[in-house]
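Peer 1: Take a look at the following structure, please.
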Amino acid sequence: MEQETIKKRVVGIDISLDATTYAIVDVKGEVIAMDSFPTMDYPEINQFISALSDHLIKLVEENGGYESIRSVGISAPSANFMNGSIVNAPNLPWKGVIPLSILLRDRTGYAVAVANNADVRALGEHAFGMAKGMRDFVVVTMGNGIGSCLFSNGMIHKGNEGFAGEIGHTCIVNNGRQCTCGNKGCLEAYVAARGIVATAKELMEETDKPSLMRGVEKLTPKLITDFCNQGDEMAIEVYRRTGEMLGMGLANYGSMVDPEAFIFTGGIAKAGKWLFDPAKKVFDEYVFHNTCGKIKFLVSEEDRVLNDVLGASVLAWEVREYSLFK
C-alpha cells in the first residue's frame, strides 16, 4: 500500500498598499523563507497576479520544491473569505470585484484562501500573539484604512455576506468628511492615516501657534507621533482629537459585542499613549456601564507584516487541499 505524504508547509501572503510580502511557513509557525515586492509596481491586476505567481514559485522552488507546499493563504484589504475575492477596495489600485483565489489557483495549481486583513491578523493574534487563549476579542487594524475582526466564542464572525467588521465605514460624524468608500463621516476619514493628516491641517489653519508640523512637505502620522514625543502641543492635540473619535466609535462597538479586549495593530497604533489615552477616556465614558473598566485596550507586540503573513498561513491550513498535479 502506497503511503500518502502529509505536506507540512504552506505559503502566507500579505497584500498591502506599500508591499506584497510572501513566505513559506511550516506547521509550527516557523518562517522558512520570506520576500516581498512593491504592490504599486503593478496597477493592473493581471500584471500583479503574474508577478505574484512568479515570485511565489521562485521562492518555493528554492526552498523545498513545489510538492512541499500544501496551500496558500492571502491577507488583503476588502477581501471576502466567502467568495475568495477582493471587493471594491477603496485603497488599492484594482477596482471592482477581483476573484483573487481563482486567479492565483489557476496560475500556481495550489488551493488558495483569501480573507480580509483584519480577519487574518485576528487569526495570527489568536494563534501566535496577544489573543492566545481568548475566545471573545476584537482586532482593530489601523493604517491607510480602519478595519476590524470580531472573534466570538472562539470563531471569526463573518456576517451574512462576509463583510462583518467594517468599523472604519461606520458613521461617526453626521454629514462629515468625505470617505474613500463614497459615504461621509466614516470613522476611517478621521482615524486612518489620511484622516489624521487632515486633522493636523485643520488645526494649523485654525491658529497661528508655532508647531513642528508647519513647513513639513509630506506630513505623516509617524512624523506627528515623533513631534508629540518632542512635546509639540499641536501634534498632541491632533492625536487627542483622533483618539476621541476612536474612543466613541469603539464605545458603540464594545457596547454591542462585549469583548474581552480590543487589540490594535498597524502603523497608527504606534502612536501609543498619545492616541490611546484619550481614546480609552472617551470609551470608558460612553461604553455600556456594566462593561466599563472590563474591556482591555491592547497594542499588538507583533510586527504587522509578520503577523499578517503568519495569520495568512493559519488561513491556508483551513482551506481544503487542491492540486493540479495530483
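Peer 1: Kindly report, to the nearest 10 Å², the accessible surface of Trp317 as traced by a 1.4 Å probe over protein heavy atoms only.
Peer 2: Using a 1.4 Å probe on the heavy atoms, I get roughly 80 Å².
Peer 1: In deg cm²/dmol and to the nearest 500, what is the mean residue ellipticity at 222 nm of the chain if only DSSP H runs of at least 4 residues count, each as -39500 (n - 2.57), divided by the residue total?
Peer 2: -11500 deg cm²/dmol
Peer 1: Could you order Ile156, Ile102 so the one with the most accessible surface comes first? Probe is 1.4 Å.
Peer 2: So the residues, ranked largest to smallest area, are Ile102, Ile156.
Peer 1: Mind pulling the per residue volume of the convex hull built on the Cα atoms of the chain? Å³ is fine.
Peer 2: 145 Å³
Peer 1: Which is the longest part of the chain that has none of the GluC sites (Glu not before Pro) sitting in a DSSP loop with at most 16 other Cβ atoms within 10 Å?
Peer 2: The longest such stretch corresponds to 45-160.
Peer 1: Let me ask something else. Determine the sum of side-chain charges near Ala33: Lys and Arg each +1, Asp and Glu each -1, restricted to other residues whose C-beta is under 14 angstrom from that of Ala33.
Peer 2: That works out to -3.
Peer 1: Could you report the accessible area of Asp18 in Å², rounded to 10, computed with a 1.4 Å probe on the protein chains as they sit in the structure?
Peer 2: Accessible surface of Asp18 is approximately 120 Å².
Peer 1: Using unit Cβ charges (K, R positive; D, E negative) and no other charged atoms, how large, in debye to the nearest 20, is the dipole of segment 1-105 about its Cα centre?
Peer 2: It comes to approximately 320 debye.
Peer 1: Here is a follow-up. How high is the relative contact order of the chain, in percent, with contacts defined as C-alpha pairs under 8 Å that are six or more residues apart?
Peer 2: 21 percent
Peer 1: Measure up Lys209/Lys270; Lys201/Lys273; Lys8/Lys28; Lys222/Lys270 against 18 Å on the Cα-Cα distance and list the ones that go over.
Peer 2: Lys209/Lys270; Lys201/Lys273
Peer 1: If you don't mind, there's one more thing I want to ask. Give me the percent of DSSP beta bridges within the chain that run antiparallel, rounded to the nearest 5.
Peer 2: 60 percent
Peer 1: Using the basic label-point model (7 angstrom from Cα toward the beta carbon), what is the Ile102 to Lys209 distance in nanometres?
Peer 2: For the pair Ile102/Lys209, the computed spacing is 5.5 nm.
Peer 1: Scan segment 128-175 for trypsin sites (Lys or Arg not before Pro) in coil per DSSP, keeping those whose Cβ has at most 15 other Cβ atoms within 10 Å, and list them by number.
Peer 2: Lys132, Arg135
Peer 1: For Met248, Met34, give me the order by solvent-accessible area with a 1.4 Å probe, most accessible first, ignoring ligands, DNA and RNA.
Peer 2: Per-residue accessible area, sorted high to low, gives Met34, Met248.
Peer 1: Report the net charge of residues surrounding Asp14, where surrounding means a beta-carbon distance below 9 angstrom and charges are Lys +1, Arg +1, Asp -1, Glu -1.
Peer 2: The answer is 0.
Peer 1: I would also like to ask the following. With the contact rule set at Cα under 8 Å and sequence spacing of 6 or more, what percent relative contact order holds for segment 1-142?
Peer 2: It comes to 20 percent, rounded to a whole number.
Peer 1: I would also like to ask the following. Using a 1.4 Å probe on the protein heavy atoms, what percent of the accessible area of the chain belongs to carbon and sulfur?
Peer 2: Here carbon and sulfur together make up 51 percent of the probe-accessible area.
The values are calculated or read from the model by the stated rules, or taken from the named source; none is laboratory data. All values reported here derive from a predicted model rather than from experimental measurement. We place every Cβ from the backbone using ideal geometry, glycine too, and count neighbours over all the protein chains shown. For the accessible areas, the whole protein counts, side chains as well, though only heavy atoms, and no ligand, DNA or RNA atoms are used. Shrake-Rupley method; radii C 1.70, N 1.55, O 1.52, S 1.80 Å.
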